[in-house]
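Q: This is the structure, below, for whatever I ask next.
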Amino acid sequence: MNGYAGYILRIDVGAKAFRKEVLDRKLAKDFIGGRGFVDKLIYDEVPVGADPFGPLNKVAAAPGPLSGIFTPASGKVQFGTLSPATGIIGDSNMGGHFGPEIKYAGYDMLIIEGVSNTPVTLVIDDDKVDFKDASDLWGKGSFETEETLKKQLGADFQIATIGPAGENKVYFACINHDFGRQAGRTGIGAVLGAKKVKAIAVKGSKSIPVADPDAVLKVGMNLYRKCFEKPGLAEWTPLGTAGVTPWVNEVGAFPTKNFQTTYFEGHEKIGGQAMKDKIIVTDKGCFACPTPCGKYSRLKKEGKDVYVEGPEYETIAMLGGDCMLPEIEDVAYANRLCDDLGLDTISGGAVIAFALECFDKGIITKEQLGRDISWGDIGSFEFLANIIAKRQGMGDLLAMGTRIAANRLGHDSIRFATQVKGLEWSGYDARWAPAMMISYMTADIGAHHNRSWAITFDVAKGRDTLEGKAKRAVELQRIRPAFDLIGCCRLQWVEIGFELENYEAMFEAVFGERTTWQDIYVAADRLWNMNRVRAMLEIPGFGRDDDYPPKRFMEEPVLSGPAKGKLIDRASCDRLLDDYYMERGWDKAGHPTKKTLEALGLFGCIDELKARGLMA
Amino acid sequence: MHLATIDKLCSGCKACQLACSMTRRKEVNPKRSFIRPEGRFPAPGDYIIKYCTQCGECANVCPTGAISKKGDIYDIDEDLCIQCGACVAACPFSVMLLLDGEKAKKCNACGACVAACPRAAVYDSDTSKGGRY
């Protein structure tokens, strides 16, 4: 099948067994690849109600049909699992070189199931799988783990690891790769930790079949050429995602002090330009990327060199603004710390900011922590990151994320637990950005920006109006996840204005038949609705109530800066939700209608909803 | 054409390898290319591009004289190649390829990598120009 390796590798880490399965053509047709594959796998194979950390949960990793091919930024891989953070399907994508390597090894998806008794590194070398003892690596940071494995196995292996946070089942533990790329969200690193999988190493020597190699080369050259013609390129690559920091402040959307406000005084000191002036040593591109946003940095800490990839924008927002770290070196050091411990910097930053605010309000005390903690203090940050990753003292509770921590701590702290569905809000305040607000409210995995980054639409169309905002969010939730299915990065389209139409020539060169974005959008909608149904099956009463933002955003006006005084009240949220559900073909309770599911061919979903009395 | 590189421009994207394998072999497979951008991480945090400098070490060790200089490049006469692997072992840059069931193959300075590199990290020293599209 052109574009696909043609096989799936299923690994049972409990039985230390593996099996190569032929890729199902219907799966490829209906769900394309990447996030489509991993979420469908979790939907089909992990029973409803399974313990995310138990033997019945699985972790899947899938590149897409364009991954590994000569087309701009075709280096993405998607991980999926039943998320410990949210209790619903969670997934997260990662750049670098891991996804393409899976395809060169001959697979369109890896499935990891069971639980190992002892720590293990999965070593996948084309058709061979070795269960390598990882007892010596257990407890080690992700950097040392990857470095050790590269030395032992060879530099040609692409390696994904977890840090101590993953081992200790922190609900927002990430997966690390290539000394700085992460699949950060939804706690997939913790599920690998529960399975005692310390690392996955992959090396492949095979070719990816394409319909017309000459056409792929020709079209690929043309696509790269078009990227270079874009005027946005000159601004984009030198600073990468960090370059948006001043703009986000200027529009009053920069998370600051646990989202108490949305403008960070001194943001210039932690933005892209400060990075470039002070710490960047090289651009570090993902596979086949013409416009690398990856920056690799070096700083001095207590006389020693500290290396880190980044910080990229989300990390700057969540560790910088939200925890108020004042200097780029602080943010970079905190970034490195999180990466090495295996903490997602988005949720990690949100949880630490939440803890700092709880401390301010006396909800968490000095007696409980054994010390003072304060905003903008790197020592406090390091202390909290460590007790969370190692689950010591108060860190044990914080390790379960802001929703659970707030519910246990009480004192209405849930009001400022910045999360939706259990997943912490990422780096854009949306109190003065309704399209961005409804995007966060409805993102299928919880409050994540990558499903729909609509804040530019708000800025262009008016910050206060609700009109057309939900519709735009749905459009973006169709387009952006489509990239997750094909295995490419979306940033060329988002950031430098590289037109979507450009890709369709590549689809034809790779697949050998005409494929349009529209075909992929249908799969993206199918996936979206399937995930919604799974959430309904998983969580009693799941629906509209799970789509509201934290009370802070509905009731507490922004304290300062360009968005001072702004909020989106509950009535406005209701209007956005009504519009959104209508656009989606869902009822007012936020449930997909039978007609909507039928149109997408999700007959299995209908049957399951009926069997549980959730559909007439 | 003579290949040359500016390592500090490389971002490790492997576009050179893809263009090489598709041009020379009609395959999408970076492992079957004659150029190797290698990252050095976590420290010092840079890339080194290994490529064929047409140094002739392979020709020096070839026991059958299959490799000889033709114009600017060293070329392999596949009829003479006995697949012994001496050239692979001798290559200072690990860019000779000897795959199972095939004769040895090497870079012929076709320039596909130059054309494909988004950073002009690999360029043609005859013209001092990279592709950069």
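Q: Between beta-carbons, use under 9 Å as the cut-off and find the net charge around A:Ser92, counting Lys and Arg +1, Asp and Glu -1.
A: On the way: positive: A:Arg185; negative: A:Asp91, A:Asp344.
My count for the surroundings of A:Ser92 gives -1.
Q: May I pose another question? In whole Hz, what ³J(HN,Hα) sequence does the range A:84-95 give by Karplus (6.51, -1.76, 1.60; θ = phi - 60°), x for Gly and Pro?
A: x, 6, 10, x, 10, 4, x, 8, 7, 9, 9, x
Q: Say a paramagnetic label sat at a point 7 Å from the Cα of B:Leu99, along Cα to Cβ; which residues of the range A:1-20 have their backbone N under 20 Å from it?
A: Inside the label zone: A:1-7.
Q: Going Cα to Cα from A:Lys595, which lysines come in below 28 Å? Please leave out same-chain ones fewer than 8 positions away.
A: A:Lys26, A:Lys29, A:Lys40, A:Lys421, A:Lys469, A:Lys471, A:Lys610
Q: Considering only protein heavy atoms and a 1.4 Å probe, what is the carbon-and-sulfur percentage of the accessible area of chain B?
A: Values: 2790 of 5800 Å².
The C+S portion of the solvent-accessible surface of chain B is 48 percent.
Q: Straight-line reach only, C-alpha to C-alpha below 14 angstrom: list the aspartates and glutamates that A:Lys594 could link to, leaving out same-chain residues fewer than 8 apart.
A: A:Asp607, A:Glu608
Q: Select from the range A:117-157 all residues whose loss of accessible area on going from the chain by itself to the full protein assembly reaches 20 Å² or more (probe 1.4 Å).
A: Listed in order, they are A:Glu147, A:Asp156.
Q: To the nearest 0.05, what FRET efficiency results for B:Ile6 and B:Asp75 with a Förster distance of 22 Å applied to their C-beta separation? Mind dumping the intermediate values first?
A: Values: r = 27 Å, r/R0 = 1.21.
Computed FRET efficiency for B:Ile6 and B:Asp75 comes out at 0.25.
Q: Rounded to whole Hz and in sequence order, give me ³J(HN,Hα) for the range B:62-73 from the Karplus expression 6.51 cos²θ - 1.76 cosθ + 1.60, θ = phi - 60°, writing x for Gly and Pro.
A: 5, x, 10, x, 6, 10, 8, 7, 10, x, 8, 10
Q: Could I have the simple spin-label model distance between A:Leu500 and A:Asp587, label points 7 Å from Cα toward Cβ, reported in nm to one decimal?
A: The two pseudo-label positions are separated by 3.1 nm.
Q: When we measure straight from the Cα of A:Lys366, which aspartates and glutamates land under 19 angstrom away, once same-chain ones fewer than 8 places off are left out?
A: The qualifying aspartates and glutamates are A:Glu357, A:Asp377, A:Glu382, A:Asp396.
Q: If contacts are Cα pairs under 8 angstrom and at least 6 residues apart, what is the relative contact order of chain B in percent?
A: Relative contact order comes out at 29 percent.
Q: Contact order normalised by length for chain A, with contacts defined as Cα pairs under 8 Å and 6 or more residues apart; what percent is it?
A: Values: 1474 pairs, mean separation 94.6, N = 616.
Once divided by the residue count of chain A, the mean separation gives 15 percent.
Q: Could you work out how much longer the chain between A:Arg19 and A:Asp133 gets when fully extended? Use 0.36 nm per residue separation minus the Cα distance between them, nm to one decimal.
A: Details: separation 114, 0.36 × 114 = 41.04 nm, distance 1.99 nm.
Fully extending the segment from A:Arg19 to A:Asp133 adds 39.0 nm.
Q: I've got another one for you. Only residues of the range A:242-266 count here: report those whose backbone N is under 19 Å from the spot 7 Å along Cα→Cβ of A:Asp412, or say none.
A: Residues A:258-261 qualify, since their backbone N sits under 19 Å from the label point.
Q: Roughly to the nearest percent, how much of the accessible area of the range A:434-611 is carbon and sulfur, given a 1.4 Å probe? Intermediate values should be presented prior to the final figure.
A: On the way: 3220 of 6380 Å².
Whole-percent figure for carbon plus sulfur exposure: 50.
Q: Could I ask something else about it? Give me the residues in the range A:248-297 whose solvent-accessible area, probe 1.4 Å, is reduced by at least 40 Å² once all protein chains are included instead of the chain isolated.
A: Those are A:Thr282, A:Asp283, A:Phe287, A:Tyr296, which lose 40 Å² or more relative to the chain on its own.
Q: Considering just Cα atoms, how many Å³ per residue does the convex hull of the range A:240-424 enclose? It would help to have the intermediate numbers written out before the result.
A: Working: hull volume 22.6 nm³, N = 185.
Output value, Cα hull per residue: 122 Å³.
Q: Just to be sure I understand: if you take the accessible area of chain A alone plus chain B alone and subtract the pair, with a 1.4 Å probe, what total do you get in Å², rounded to 100?
A: Numbers: alone 20810 and 7300 Å², together 25270 Å².
Answer for the A-B pair: about 2800 Å² buried.
Q: Considering only C-alpha atoms, what is the centroid distance from the range A:251-314 to the range A:81-146, in Å?
A: Answer, in whole Å: 27.
Q: Sticking with this structure for a sec: May I ask for the distance between the Cα centers of the range A:4-50 and the range A:171-224, given as a whole number of Å?
A: Here the answer is 15 Å between Cα centres.
Q: For the charge dipole of chain A, defined by +1 on Lys and Arg C-beta atoms and -1 on Asp and Glu C-beta atoms about the Cα centroid, which residue among A:Met394, A:Phe354, A:Ile496 has the Cα displaced farthest towards the positive pole?
A: So the residue furthest toward the plus end is A:Met394.
Q: Separate question: Could you give the distance between the Cα centres of the range A:355-378 and the range A:462-527, to the whole Å?
A: 43 Å
Q: Also, quick follow-up: Taking the Cβ-Cβ separation of A:Asp569 and A:Glu265 as r and a Förster radius of 35 Å, what is the calculated FRET efficiency to the nearest 0.05? Walk me through the intermediate numbers first.
A: Working: r = 27 Å, r/R0 = 0.78.
Step by step, r from the Cβ atoms, then E = 0.80.
Q: State whether chain A is rounded, prolate or oblate according to the following rule on the C-alpha gyration tensor (a ≥ b ≥ c being the square roots of its eigenvalues): a/c under 1.5 gives rounded; otherwise a/b larger than b/c gives prolate, and the remaining case gives oblate.
A: Working: a/c = 1.25, a/b = 1.13, b/c = 1.10.
Judged from the Cα gyration tensor, chain A comes out rounded (a/c under 1.5).
Q: Can you give the FRET efficiency to the nearest 0.05 for A:Glu598 and A:Asn2, using r as the Cβ-Cβ distance and R₀ = 30 Å?
A: Numbers: r = 30 Å, r/R0 = 1.01.
Efficiency, rounded to the nearest 0.05: 0.50.
Q: Now a separate question. When only C-alpha pairs under 8 Å and at least 6 residues apart count, what is the relative contact order of the range A:168-238, in percent?
A: Working: 45 pairs, mean separation 14.5, N = 71.
For the range A:168-238, the relative contact order is 20 percent.
Q: How would you order A:269-275, A:306-312 from highest to lowest mean count of nearby Cβ atoms within 10 Å? Show your work: numbers first, answer last.
A: Numbers: A:269-275: 22.9, A:306-312: 25.7.
Output ranking for A:269-275, A:306-312: A:306-312, A:269-275.
Q: Right, here's the next one. Would you list A:Arg185, A:Arg415 from the most to the least accessible area, probe 1.4 Å?
A: Numbers: A:Arg185 10, A:Arg415 55 Å².
The most accessible residue leads, giving A:Arg415, A:Arg185.
Q: What does a probe at A:Asn222 reach in the range A:494-520, counting residues whose amide N is under 16 Å from the point 7 Å along Cα→Cβ?
A: Once the point is set 7 Å along Cα→Cβ of A:Asn222, A:499-517 turn out to lie under 16 Å by backbone N, inside the range A:494-520.
Q: A follow-up question, please. How much area per residue is accessible in the protein assembly as shown when the probe is 1.4 Å and only protein heavy atoms are counted (Å²)? Let's see the in-between values first.
A: Working: 25270 Å² over 749 residues.
Solvent-accessible surface per residue comes out at 34 Å².
Q: Of the residues B:Lys106, B:Lys14, B:Lys31, which exhibits the maximal mean-square fluctuation in a Gaussian network model of chain B defined by a 10 Å Cα contact cut-off?
A: Per the Cα network of chain B with a 10 Å cutoff, B:Lys31 tops the list.
Q: Related question: So which cysteines in chain B don't have a second cysteine's C-beta under 4.7 Å from them?
A: If one checks each Cβ against the other cysteines of chain B, B:Cys10, B:Cys13, B:Cys20, B:Cys55, B:Cys62, B:Cys81, B:Cys84, B:Cys91, B:Cys110, B:Cys117 turn up with nothing under 4.7 Å.
Q: What value, in deg cm²/dmol to 500, does the helix sum -39500 (n - 2.57) over DSSP H runs of n ≥ 4 give at 222 nm once divided by the residues of the protein assembly as shown? Spell out each step's value before the answer.
A: Numbers: 30 runs with 278 residues, N = 749.
Value at 222 nm, helices only: -10500 deg cm²/dmol.
Q: Quick one: grab the alpha carbon gyration tensor of the range A:7-203, order the square roots of its eigenvalues as a ≥ b ≥ c, and give me rounded if a/c is under 1.5, else prolate or oblate depending on whether a/b is larger than b/c.
A: Since a/c stays below 1.5, the shape of the range A:7-203 is classed as rounded.
Q: At a 1.4 Å probe radius, carbon and sulfur cover how many percent of the accessible area of the range A:48-103? Don't jump to the answer; show the numbers that get you there.
A: Working: 410 of 710 Å².
Taking all protein chains in place, the range A:48-103 shows 58 percent carbon and sulfur surface.
Q: Let me ask another. Suppose each label sits 7 Å from its Cα in the direction of the beta carbon; what would the A:Arg612-A:Asp545 distance come out to in nanometres?
A: Calculated label separation equals 1.5 nm.
Q: With θ taken as phi - 60° and the coefficients 6.51, -1.76 and 1.60, list the Karplus ³J(HN,Hα) couplings across the range A:505-517 in order, rounded to whole Hz; mark glycine and proline as x.
A: 5, 5, 3, 5, 5, 7, 7, x, 9, 5, 10, 10, 4
The values are calculated or read from the model by the stated rules, or taken from the named source; none is laboratory data. In this text the structure is predicted, and so the values were computed from the model without any measurement. Glycine gets a Cβ as well: all are built from the backbone with ideal geometry, and neighbour counts include every protein chain shown. All accessible areas refer to the heavy atoms of the entire protein, side chains included, with ligands and DNA or RNA removed. Shrake-Rupley method; radii C 1.70, N 1.55, O 1.52, S 1.80 Å.
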